[in-house]
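Visitor: Would you mind keeping the following structure in view while I ask a few things?
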Amino acid sequence: MSNQRQPIGVIGTGYVGLVTAAGFAEIGSEVWCVDIDAEKIARLQRGEVPIYEPGLEELLARNSERLHFSTDLGDALEHARLLFVAVGTPPTHSGDADLSAVHAVMGAIPDSQDHALVMKSTVPCGTGASLRRAFSEQGKSGLGYVSCPEFLKEGSAVHDFLHPDRVVVGDEGGWAGDAVVELYAPLGAPLVRTDIASAEMVKLASNAFLATKISFINEIANVCEETGADVVEVARGMGLDDRIGPKFLHAGIGFGGSCFPKDVDALKQLAGNSGYHFQLLTAVIEVNELQKRRVVGKLNRHLGGLAGKRVALLGLAFKPNTDDMREASSLVLSARLMADGAAVCAYDPIAEDQARKLVNGITFADSALGAVRGADAVVLVTEWPEFLELGWEQVAEAMSGDLVVDGRNALDPERVRAAGLQYEGIGRR
Ligand code: UDX
């Protein structure tokens, strides 16, 4: 198979780019990866993986002969017709997506009938159309363009690449769309072949819907707290309805990460720019911001104020199995706790280095037990597996207080209480 597969180029070697590159190499393509960061490319050439993503290192190592890393776009242009674009599209101050990295890639590619850009980065709906207009203004009408949004989740990105729920390919005809479909064919996923604008919207709408589900169940959890219901039971009962489904009904201290906050905001702004006020998404974002702060209220209530209190945070990453701290709820939570006069000590098995770059004023422990030593209260922020296995008797002995706030509803309340501790979840009885 390997000899017949299309070679591809991947521009940008972040989470999406590296997983895409490794995944296509795994199913037989030669892959030319390009990044402007020379140090990152040097590390990748040495076989080092600059990000933490389970299974990625092994996949890159296993396919190292098919993977080529360079800072020179010319290498990718020489060997591949399809150039997957996986550069960052961070939000600007206005909430729009910053497309400067995408424009830089476009500017560097010469006109060619033989090449096409395949957009993996999440971009606002309408970007493909405006990029194609820009191509023709720059005399590059020969270049093809395909929208092929990425749906992978950090922490399970390798699995998600190899077992996608669907592959979405948006194009306006021509060889490139067919070539992308052929590339993904061995994965056997349902295919949505559509126009460029619709493909772009599938990505934004999917993320916005999932974020809406989370904010919805978080509001239900808040109402449960007022009414004596238990949101875990409620979510179980709701999730058994086929039309609703059990996923993304886990109440907690809000969503974070590199995608949901950015994409929900981008879709809201996109609608606003064309004169439509997307009221639902405004609420989804606001609920999420308030949810990050709710734990502070719980601590205040139980501890009778936060000044001079010691609070231990178990986990800092925006979710388990990643070192990603982007938009992590822990950032807001730790800042609020310190602003109210609490001393914060945190432990995260993987994300400490990333966290140190973003958070000032908290101390870092080397273990969960180290973090809880002398604490008045413990907050489970990220449901890393090792926290679910904690010996709560030891925790109780090490703490000076007895409050455990389970910000992810991931602990067994009975086990925590059996150790003589007070348990408080989110929306739990
Ligand atoms: C998400 C999308 O799932 C993925 O398809 C897209 O390509 C990128 O954005 P990711 O950011 O990796 O992926 O994280 P995800 O696993 O979806 O979780 C996002 C956030 O929601 C996390 O902070 C998580 O803790 C939170 N979450 C998720 C909940 O609070 N409750 C839930 O029920 C599910």
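Visitor: Give the long-range amide H neighbours of T194: residues separated by 5 or more places, or on another chain, with amide H under 5 Å away, using H modelled in the peptide plane at 1.01 Å from N.
Guide: Residues meeting the criterion, in which the H sits 1.01 Å from N, are V169, G170, D171.
Visitor: Another question, if that's okay. Taking only C-alpha pairs under 8 Å that are 6+ residues apart, what is the relative contact order of segment 209-424 in percent? Don't jump to the answer; show the numbers that get you there.
Guide: Working: 372 pairs, mean separation 38.3, N = 216.
Relative contact order of segment 209-424: 18 percent.
Visitor: Related question: Would you please give the residues with an amide H less than 5 Å from that of F364, counting only those at least 5 places away or on a separate chain, with H modeled from the backbone geometry?
Guide: Here the answer is A346, since their amide H atoms fall under 5 Å of that of F364.
Visitor: What is the distance in Å between the Cα centres of segment 21-76 and segment 142-195?
Guide: Between the Cα centres of segment 21-76 and segment 142-195 lies a distance of 20 Å.
Visitor: Right, another one. Where in the chain are the DSSP H helices whose alpha-carbon span along the long axis reaches 18 Å or more and whose Kyte-Doolittle mean is at least -0.5? Don't skip to the answer; put the middle values down first.
Guide: Numbers: long enough: 196-227 (47 Å, 0.58); 260-273 (19 Å, -0.40); 279-303 (37 Å, -0.18).
Once both thresholds are applied, what remains is 196-227, 260-273, 279-303.
Visitor: Shifting gears a bit: Mean-square fluctuation check for the chain, GNM, Cα pairs under 10 Å: which of R166, R243, R417 is largest?
Guide: Highest fluctuation among the options: R243.
Visitor: Which whole-number percentage describes the relative contact order of the chain, with Cα contacts under 8 Å and a sequence gap of 6 or more? Walk me through the numbers before you get to the answer.
Guide: Numbers: 847 pairs, mean separation 50.6, N = 429.
The value is 12 percent.
Visitor: Can you compute 3J(HN,Hα) from phi for each residue in segment 304-309, using the Karplus curve 6.51 cos²θ - 1.76 cosθ + 1.60 with θ = phi - 60°, rounded to whole Hz and x for Gly and Pro?
Guide: x, x, 10, 4, x, 8
Visitor: Okay, moving on. Using 0.36 nm per residue of separation minus the Cα-Cα distance, give me the extension gain between S100 and R356 in nm, one decimal.
Guide: Numbers: separation 256, 0.36 × 256 = 92.16 nm, distance 2.77 nm.
Result for the pair: 89.4 nm of gain on full extension.
Visitor: For segment 38-107, which GluC sites (Glu not before Pro) pass both filters: DSSP loop (anything but H, G, I, E, B) and at most 14 other C-beta atoms within 10 Å?
Guide: Numbers: sites: E39, E48, E57, E58, E65, E78; in loops: E48.
Here the sparse-neighbourhood loop sites are E48.
Visitor: Looking only at the chain, where both bridge partners belong to it, what percent of the DSSP beta bridges are antiparallel (to the nearest 5)? Intermediate values should be presented prior to the final figure.
Guide: On the way: 2 of 44 bridges.
Within the chain, antiparallel bridges account for around 5 percent of the total.
Visitor: Collect residues whose amide H, placed 1.01 Å from N in the peptide plane, falls under 5 Å from the amide H of A343; neighbours closer than 5 in sequence don't count.
Guide: Placed amide hydrogens put G308, K309, R310, V311 under 5 Å from A343.
Visitor: Here is a follow-up. Starting from the Cα of K140, draw a straight line to each of the aspartates and glutamates and keep only those under 18 Å, dropping any in the same chain fewer than 8 residues away.
Guide: By straight Cα distance, K140 reaches E78, D111, D114, D171, E172.
Visitor: Output wanted: per-residue J couplings in Hz (rounded whole) for segment 397-403, from phi through Karplus 6.51 cos²θ - 1.76 cosθ + 1.60, θ = phi - 60°, x for Gly and Pro.
Guide: So the Karplus estimates, Gly and Pro as x, are 5, 6, 6, 9, x, 9, 9 Hz.
Read-outs: derived from the displayed coordinates by stated rules, not from any lab. The structure displayed is predicted, hence computed values, not measured ones. Note that we place each Cβ from the backbone using ideal geometry, even for glycine, and neighbour counts take in every protein chain shown.
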